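> The structure that follows is given in the form of structure tokens.
The values are calculated or read from the model by the stated rules, or taken from the named source; none is laboratory data. Bear in mind the structure is a predicted one, so any value in this text is a computation, not a measurement. Glycine gets a Cβ as well: all are built from the backbone with ideal geometry, and neighbour counts include every protein chain shown. Please note that ligands, DNA and RNA were not included when accessible areas were found on the heavy atoms of the full protein model with its side chains. Shrake-Rupley method; radii C 1.70, N 1.55, O 1.52, S 1.80 Å.
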Amino acid sequence: MSTDPADLLHHPARLAALGATSLAGTPPEEAFDRLTRLAVHLLSAPISLLSLIDGEHQWVKSVAGATLGQGLPHAIPVGRSICGHVIAGGRPLVIPDVQHEPRVAVDAAMRAWGVRAYAGVPLVTADGHAVGVLCVADTQPHEWPRESLAALRDLAALAVTEIEWRRSQAERERASSALAQAEQLFRGVVEQSLVGIYVMQDGVFRYINPRFRQVFGLPVDWLDSPHDLLELVAPEDRDKVRENIRRRIEGEVDEVQYCLRGVRTDGSIIHLEVHGNRTVLDGRPAVIGVGIDVTERVRAERDREQAILARDRFYAMVSHELRTPVSAVMLYNDLLLSGVYDPLTTAQREAVDRSQSSARHLLDLINDLLDLSRLEAGRLETRVEDVETAELVESVVDGLSPLALEHGCHLSVHVAERPLVVTGDARRVRQILLNLLSNAVKFGHGQPVEVRLGPTEGGVLVEVSDHGPGIPPGDLDRIFEEFVQLGEPGVGTGLGLPIARRLAELQGGTLEVASRPGEGSTFCLFLPSGAPRVAHSAGFPSFLSSAILR
């Protein structure tokens, strides 16, 4: 037997088992009083206590005995009490005469009652933890008969049965409380959900939340009578809905996601996105579903499609109706400038030059509109071929030399290695490069423009850098939007960069920009070396790091 019961008294598992009973510190109850009275009667002992013991106190749950008086405290400090030694030992403790027992020190209560003989049995739960003690005491020293101790053990077993029942009851109450809280939380989430939620079983609704009723315009008492989901589905979609329900109920699939047209109580059509799962309720298959009202989204998509069709028709009309007269104007301007008719005076030549420049700008706008229309409609023709990027870049730079000379800009090309072959459409790659380089020349304020290109993971990276005014951070994304012009009014159409990015993506590449106001801009064109694939962001190789704005 341990002479220091403190370790076992404070053992966390034992204290947890005691706490699970919810009995320590509670008032006396008849169920336990009956056991202490029986102990006094069966063992002919003047005193009997039933106590629950934590790490600090011996909580007296019941006491019986005519000689005790009314001064028994409800909580007794454990200290070196006899009952504490019963807990520490985990087995009955029988002492014929406490004055001749050196292992224990009689606690204050026992001394006050004049206790000489003691017998205590631990109350051990089913999981092996001693949570309390049932004891008897006598004011006269004597031996405890074997039959008396057997009776005390039986009474202790009855006490444990009562404690276990109380513990299970407390656990049930805690579980019930937790379940009630979870149900309240779940109901709050479901009832206030912004999406419609329903449960179907045996072909009819078992539950719908307020949002579901709101979406379909159903009255509050709608579920007072049985209703089938198909009542709320447009006739054209009923076969699809019926089949999806059957597949889930019969276990072919656990969940489905699809769209359907629903019918409100006022007859109007709504569009729903449905997510449904199979489950089992009361031993029978059921369907739990979520319906999201996407009517406004469907309408917006249709309106957008109509707008795109109208725009495409407008672009096609403009391209067709304007291209011919503009081409004719440019032809006659060329004839006038070549002197076919009569030599022009200086003032006349300047006027025709301005007319030709305006006509060329208008033709560029028409061509951009036509390209944009074809890109939007997915009808822009591209070819898949091997393109030697370095040669193509040098060709474009040579073609732009007059424009660069006009703006006082020096163009330079730096090629890391050759060959640099990509897979794409040479004509469309040229179109992208022309746009990037002409912008760099026009908006570079006469500063040098550098083109650097070299291999990178999966393809070739082309960088076009200028040292112009740069682009404000808030405008970096806007420059790829249609008809956005940040430079001088009348310079460009506002379509070049949006078209260039889409052409790059169409060939499996990317077009990005880095810029700092006052330092210039760098446009980075990635072109894949394999077959066109989904566009992705490419990293910058080390040999190009110097060209990236820091």
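> Assigning unit charges at the beta carbon (Lys, Arg +1; Asp, Glu -1) and nothing else, what dipole magnitude in debye, to the nearest 20, does the chain show about its Cα centre?
1200
> Here are some values of P(r) over Cα pairs in 20 Å bins from 0, in percent: (i) 15, 22, 18, 18, 16, 9, 2, 0; (ii) 19, 52, 26, 3, 0; (iii) 22, 58, 20, 0. Which one was computed from this structure?
(i)
> Tell me whether segment 170-302 comes out rounded, prolate or oblate; compute the Cα gyration tensor, take square roots of the eigenvalues as a ≥ b ≥ c, and use a/c under 1.5 as the rounded threshold. The partial results should precede the final answer.
Working: a/c = 2.00, a/b = 1.53, b/c = 1.31.
Note, shape of segment 170-302 comes out prolate.
> Please give the residues of segment 412-448, grouped as numeric ranges, whose backbone N is less than 12 Å from a label point set 7 Å along the Cα-to-Cβ vector of E391.
419-422
> Test of understanding: what is the full-extension gain from E173 to T382, defined as 0.36 nm times their sequence separation minus their Cα-Cα distance? Mind showing how you got there, number by number?
Working: separation 209, 0.36 × 209 = 75.24 nm, distance 7.26 nm.
Extending this stretch completely gives an extra 68.0 nm.
> Next question. In the chain, once you exclude exposed chymotrypsin sites (Phe, Trp or Tyr not before Pro) (DSSP loop, at most 12 other Cβ within 10 angstrom), what's the longest stretch remaining?
On the way: sites that count: Y341, F483.
Formally, the longest exposed-site-free interval is 1-340.
> Just to be sure I understand the model, the point goes 7 Å from the Cα along the line to the Cβ. What's the resulting Q181 to V195 distance in nm?
2.7
> Please give the length that would be gained between S357 and S22 if that part of the chain were fully extended, namely 0.36 nm times their separation in residues minus their C-alpha to C-alpha distance (nm, one decimal). Before the final figure, lay out each step's value.
Values: separation 335, 0.36 × 335 = 120.60 nm, distance 9.44 nm.
Extra length available between S357 and S22 comes to 111.2 nm.
> Let me ask something else. Compute the accessible area per residue over the chain, keeping the other protein chains in place, probe 1.4 Å, unit Å². Intermediate values should be presented prior to the final figure.
Numbers: 28450 Å² over 550 residues.
Here the per-residue accessible area is 52 Å².
> Once the mean 1/r over all distinct Cα pairs of segment 116-198 is inverted, what Kirkwood radius in angstroms do you read off?
16.7
> When the accessible area of the chain is split by element with a 1.4 Å probe, what percent falls to carbon and sulfur?
On the way: 15340 of 28450 Å².
So the carbon and sulfur contribution to the accessible surface is 54 percent.
> If we count every other residue with Cβ under 13 angstrom of V415's Cβ, Lys/Arg +1 and Asp/Glu -1, where does the sum land? It would help to have the intermediate numbers written out before the result.
Values: positive: R418, R452; negative: E388, E391, E394, E417, E450, E463.
Computed value for this residue: -4.
> Quick check on the chain: helices-only [θ] at 222 nm, where DSSP H runs of length 4 and up contribute -39,500 (n - 2.57) each and the sum goes over total residues. Nearest 500, please. Could the numbers behind the result be given before it?
Working: 14 runs with 229 residues, N = 550.
Computed mean residue ellipticity for the chain: -14000 deg cm²/dmol.
> On to the next question. In nm, what is the difference between 0.36 nm times the number of residues separating A310 and A234 and their Cα-Cα distance? Before the final figure, lay out each step's value.
Values: separation 76, 0.36 × 76 = 27.36 nm, distance 2.99 nm.
Full-extension gain reported as 24.4 nm.
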